[in-house]
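The values are calculated or read from the model by the stated rules, or taken from the named source; none is laboratory data. What you are looking at is a predicted structure, and each value in this text was computed from that prediction instead of being measured. As a convention, Cβ positions derive from the backbone with ideal geometry for all residues, glycine included, and neighbour counts pool all protein chains shown.
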Amino acid sequence: MEGDIPSTVMCAVVAMDTSNFCYRVCALCEGTVSDNNLCRSCSGLPGSKRSYRILLSVAWETKVFVVVCFDRVARVLFGCSADEFFDLAKLNPLAVVTAGKVLEGEMFQMTFTKPKKGNAEHLRVASIVPLSTDFCPIAESLKEIYRVGSSSSIR
């Protein structure tokens, strides 16, 4: 993979970039949408949803490097869709920062792939498996911290 990093490693999360955790995609094909939420692939049909794009600093042996987790993998960490987490973050402005703190120190087995685009900067996480039997998805942890009731859309 990147230098001497194997494709699957056991590593610890050092930090999460909390500045931009999601982006908009077409609700039908999941392709990128324009600023007015029109899909470039679906003949301009409107309709979008949020999708995760999480940057994590992870430590492996003596190295710390940045990886990117897209929607399918990030749902393992968050335990909910990006739209549901966005709604929680609107109600609790520190939710994204708290999510980063919840992940700090967590151990995972991560499998990496090379970026699909030639200009991408970071390894892509293809799969992630929590190594702690006590691991709780971020949404569940935040429900406890913020005492969100069972009527919430976060499940």
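A quick yes/no check of all residues on (1) polar (S, T, N, Q); (2) modelled with pLDDT of 80 or more:
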| residue | (1), (2) |
| --- | --- |
| 1 | no, no |
| 8 | yes, yes |
| 54 | no, yes |
| 61 | no, yes |
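This table checks each residue for (1) of a type in the set (Phe, Trp, Tyr); (2) over 28 Å from residue 31 (Cβ atoms); (3) within 12 Å of the chain's Cα centre (by Cα).
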{"residue": "61", "(1), (2), (3)": "no, yes, no"}
{"residue": "70", "(1), (2), (3)": "yes, no, yes"}
{"residue": "75", "(1), (2), (3)": "no, no, yes"}
{"residue": "102", "(1), (2), (3)": "no, yes, no"}
{"residue": "112", "(1), (2), (3)": "yes, no, no"}
{"residue": "123", "(1), (2), (3)": "no, no, no"}
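Based on this model, can you work out whether residue 20 counts as polar (S, T, N, Q), more than 15 Å from the chain's Cα centre (by Cα) and on the phi < 0 side of the Ramachandran plot? Can you show your working first?
On the way: polar (S, T, N, Q): yes; more than 15 Å from the chain's Cα centre (by Cα): no; on the phi < 0 side of the Ramachandran plot: yes.
Judged against the criteria, residue 20 is not a match.
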Seminar exercise, completed: Residue pairs within 7 Å by beta carbon, gap of at least six or interchain, first lying in segment 1-12 and under 14 Å from residue 108 (Cβ atoms) and in a strand (DSSP E or B), second hydroxyl-bearing (Ser, Thr, Tyr) and modelled with pLDDT of 90 or more, listed first then second, are 8/111
Exercise. Within segment 22-43, is even one residue surrounded by fewer than 18 Cβ atoms within 10 Å (Cβ to Cβ), in contact with a Leu (Cβ under 8 Å, 6 or more places away or on another chain) and closer than 22 Å to residue 139 by Cβ?
Worked result: no
For this session: Test residue 88 against the stated conditions and say whether it is within 24 Å of residue 130 (Cβ to Cβ) and either loosely packed, with under 15 Cβ neighbours inside 10 Å or not acidic (Asp, Glu) (or both).
Result: yes
Exercise. Hey, residue 75 hits all of (1) under 18 Å from residue 130 (Cα atoms); (2) in contact (Cβ under 8 Å) with a residue 40 or more places away in the chain; (3) buried (at least 17 other Cβ atoms within 10 Å of the Cβ) but one; which does it fall short on?
Worked result: (2)
For this session: Specify which of the listed residues (154, 145) is modelled with pLDDT under 90 and touching an Asp or Glu at 6+ places or on another chain (Cβ under 6 Å).
Result: 154
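Return the residues of segment 92-112 that are farther than 21 Å from residue 14 by Cβ and touching a residue at least 24 places away in the same chain (Cβ under 8 Å); say none if nothing qualifies.
Here is the first cut: in segment 92-112, the residues farther than 21 Å from residue 14 by Cβ are 92-93.
Answer for segment 92-112, where residues must be farther than 21 Å from residue 14 by Cβ and touching a residue at least 24 places away in the same chain (Cβ under 8 Å): just 92.
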